[in-house]
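The values are calculated or read from the model by the stated rules, or taken from the named source; none is laboratory data. On a predicted model such as this, the values are computed, not experimentally measured, just so you know. No Cβ is skipped: glycine too gets one built from the backbone with ideal geometry, and neighbour counts run over all protein chains shown.
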Amino acid sequence: MRLAVFAYGSLMIPSSATRALGREVCDDDYEPALLRRHRRTWRVRVPLWSSELSREVAGVFLDVRRGQGFYLNGLLLDVSQSELASLRLREAQYVERDVTDEIDCVSGGQVRVVTFVGRPAYCRDMPPLKSHIPQRYLSRIERACKRRGKVFLQEFHETTDRARFPVFNGAYKFISSAQARRV
């Protein structure tokens, strides 16, 4: 049986997935899919250094949360067990969850699907750090969605909660060097 990760944020960006998996990933490696009974939201906080703000901030990143009557679009990416282990290191603020029974995709039931869901400890404010969404992160995800077509991008926006955090421009880096190498 195939093993795939359901990508709903930066893993939809081929260059980001390439760094995370240690192999070349291109647009053709992905399969569109829907994750039922979940909604995409802005809630995982990760310590970052913002070059633009010249200080450490709590970067706010995408997450998924359960919710009846909701769904979100994303992409399946086949992975090996060793690549999944690398993803666990990259997704330090997230926990792996099997979502096989909640996936709709063309390939049907011959695939085991996991995704990464925010750990509760990272889904709240990180005083004294102010929470901000990195504009570069959001823009790169939107470009990856747009390459899938206008309908995919529109569906991304419709199935993502409205951000309630300020956005910051410019470069940023993860405080965790282990995580920074895989993002």
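None of Ser131, Ser86, Ser82, Ser176 is more than 25 Å from Pro47 (Cβ to Cβ) and among the hydroxyl-bearing types (Ser, Thr, Tyr) except Ser82.
Screening Cys26 against (1) modelled with pLDDT of 95 or more; (2) closer than 20 Å to Ile141 by Cα; (3) buried (at least 18 other Cβ atoms within 10 Å of the Cβ); (4) among the hydrophobic types (A, V, I, L, M, F, W, C) leaves a single unmet condition, (3).
Within segment 14-40, if we keep just the residues that are farther than 22 Å from Val64 by Cα and among the charged types (D, E, K, R), the residue that is nearest to the chain's Cα centre (by Cα) turns out to be Arg19. Checked against the criterion of being farther than 22 Å from His157 by Cβ and buried (at least 20 other Cβ atoms within 10 Å of the Cβ), segment 99-106 contains not a single residue that satisfies it. Would you confirm whether or not segment 1-13 contains a residue that is part of a strand (DSSP E or B), farther than 20 Å from Thr159 by Cα and more than 16 Å from the chain's Cα centre (by Cα)? Checked against the condition, which is being part of a strand (DSSP E or B), farther than 20 Å from Thr159 by Cα and more than 16 Å from the chain's Cα centre (by Cα), segment 1-13 yields at least one hit.
Scanning segment 120-141 for residues that are under 27 Å from Gly69 (Cα atoms) and either exposed (fewer than 13 other Cβ atoms within 10 Å of the Cβ) or in contact (Cβ under 8 Å) with a residue 40 or more places away in the chain (or both) yields a count of 7.
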